[in-house]
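The values are calculated or read from the model by the stated rules, or taken from the named source; none is laboratory data. Remember, it's a predicted structure, so these values are computed and weren't measured experimentally. Neighbour counts are summed over all protein chains in view; Cβ atoms, including those assigned to glycine, are modelled from backbone coordinates with ideal geometry. To get the accessible areas, we keep the full protein, side chains included, count just its heavy atoms, and leave off ligands, DNA and RNA. Shrake-Rupley method; radii C 1.70, N 1.55, O 1.52, S 1.80 Å.
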Amino acid sequence: MSKNGFDDYGFDTRAVRAGQTRTAEGEQDEPIFPTVSFVAQSAAQAAARFSGAEHGNIYSRFTNPTVRTFEQRLASLEGGERCVATASGMAAILTTCMGLLKSGDHILASRSIFGPTVILLSNILARFGVQTTFVPLTDLDAWERAIQPSTRLLFLETPSNPLSEIADIKALSDIAHRHGCLLVVDNCFLTPALQQPLKLGADIVVHSASKYIDGQGRAVGGAVVGSEKLVGGDIYNFLRTAGPSMSPFNAWIYLKGLETLRLRMEAHGRNALMLATWLEQQPAVARVHYPGLTSHPQHALAARQQSGYGGVLAFEVKGGREAAWKVIDATRIISITATFGDTKSTITHPATTTHWRLTPEARLEAGITDGLIRIGVGLEDIEDLKNDLARGLDACRL
Ligand SMILES: *Cc1c(COP(=O)(O)O)cnc(C)c1O
């Protein structure tokens, strides 16, 4: 449904071409437009632009050519009519909520979502009269039962972090629409290269561009994609007024990231599957969570709805927190940091970092055991990654 003239081209062509309009300089690649404001040719044109009678740039909080090129390219890849780029992934979620909700509205969210998103919904939005209920991601009946007359949005991430549970996007979009709600999917883990939620019935996709869209860990940013009516209407109006806009410098980085996105996602997925398969054979490992493994309880759903399995996996070592920390501390190349989506592999202990705020009971209910380790598998040589983990895993068995 995108409208920028690239609908007839394949994904890879759109990834390198969509959204580009050359200036009179004839540049091959996309320029950066570092300008706060834009000049009108007459008072009448300025008036026409402010009233909306004429399309054109006014001010970079509203629109900027480099940012717009990124927005059109990402919209095209997600199969959406419209995208607005934001200052961060969290700003994308905030902008979506502030654009679409009012006091008294209710959000139904997956229990397995990014920690700051939980805080945004349950602490910050609650202060403005928007309530959120959390439900288990994979329990369709629980979602339907929890819908209230005031429910406006269903919100989820799939695969979930860190356990890679898979939501049935089509089934949940049917439930949402049957009750007059919108389905919002955070598509950070797979990106449009591997999963296109709008085509499965979702109404809005949100992104942290800081992860795989950048792909090399350089800049924090985000985006919202969906229909012209939703995203070009209330969501864009919130952004242009409240101002969580993307910088043109960052948009330029993400444009270049999109050009290699599919190649990188395939390479991340290849490394992750090899590492997951190897981890399953290690005596010190009790369980591996990766949707590409046939042992994953929702492998069939993942195979149906995704065109790849992504670069994030988690595994449980025998011996709890002590053993997990031993494995993490024995690494020499994998970075101890909570992000993912970088060429450099990352390792983290969810129970004491990203999920430390939860009570021990809530953590266990969410499946975050003390022995759980998450890896954002990067693009290093797979043998080096195995060796980096084998050192600690072997020490656990002594
Ligand atoms: C990182 C992340 C976010 C937030 O993105 P920022 O760019 O850090 O604000 C949101 N959702 C998911 C799934 C993430 O991994």
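Of note:
- Count of segment 370-398 residues which are surrounded by fewer than 15 Cβ atoms within 10 Å (Cβ to Cβ) and closer than 26 Å to residue 190 by Cα: 3
- Some residue of segment 221-229 being more than 18 Å from residue 99 (Cβ to Cβ), outside the structural domain of residue 293 (by TED's automatic domain parsing) and surrounded by fewer than 23 Cβ atoms within 10 Å (Cβ to Cβ): no
- Flag: residue 134 matches the condition of being open to solvent by 60 Å² or more (accessible area, probe 1.4 Å) and either touching a strand residue (DSSP E or B) at 6+ places or on another chain (Cβ under 7 Å) or over 24 Å from residue 227 (Cα atoms) (or both).
- Cross-chain or 6+ apart pairs with Cβ under 7 Å, segment 14-30 first and among the acidic types (Asp, Glu), then open to solvent by 70 Å² or more (accessible area, probe 1.4 Å): 30/252
- Qualifying positions in segment 95-117 - in contact with a strand residue (DSSP E or B) (Cβ under 8 Å, 6 or more places away or on another chain) and either within 14 Å of the ligand (Cβ to nearest atom) or open to solvent by 40 Å² or more (accessible area, probe 1.4 Å) (or both): 95, 96, 97, 109, 110, 111, 112, 113, 114, 117
- Residues satisfying the stated conditions in segment 201-244, i.e. aliphatic (A, V, I, L, M) and out of contact with any His (no Cβ under 9 Å at 6 or more places or on another chain): 202, 204, 205, 206, 209, 219, 220, 230, 231, 235, 239, 242
- Some residue of segment 348-357 being in a loop (DSSP other than H, G, I, E, B), among the aromatic types (Phe, Trp, Tyr) and free of Cβ contacts under 8 Å to residues at least 12 places away in the same chain: yes
- Whichever residue in segment 195-218 is within 14 Å of the ligand (Cβ to nearest atom) and open to solvent by 10 Å² or more (accessible area, probe 1.4 Å) and, among such residues, is farthest from residue 307 (Cα to Cα): 218
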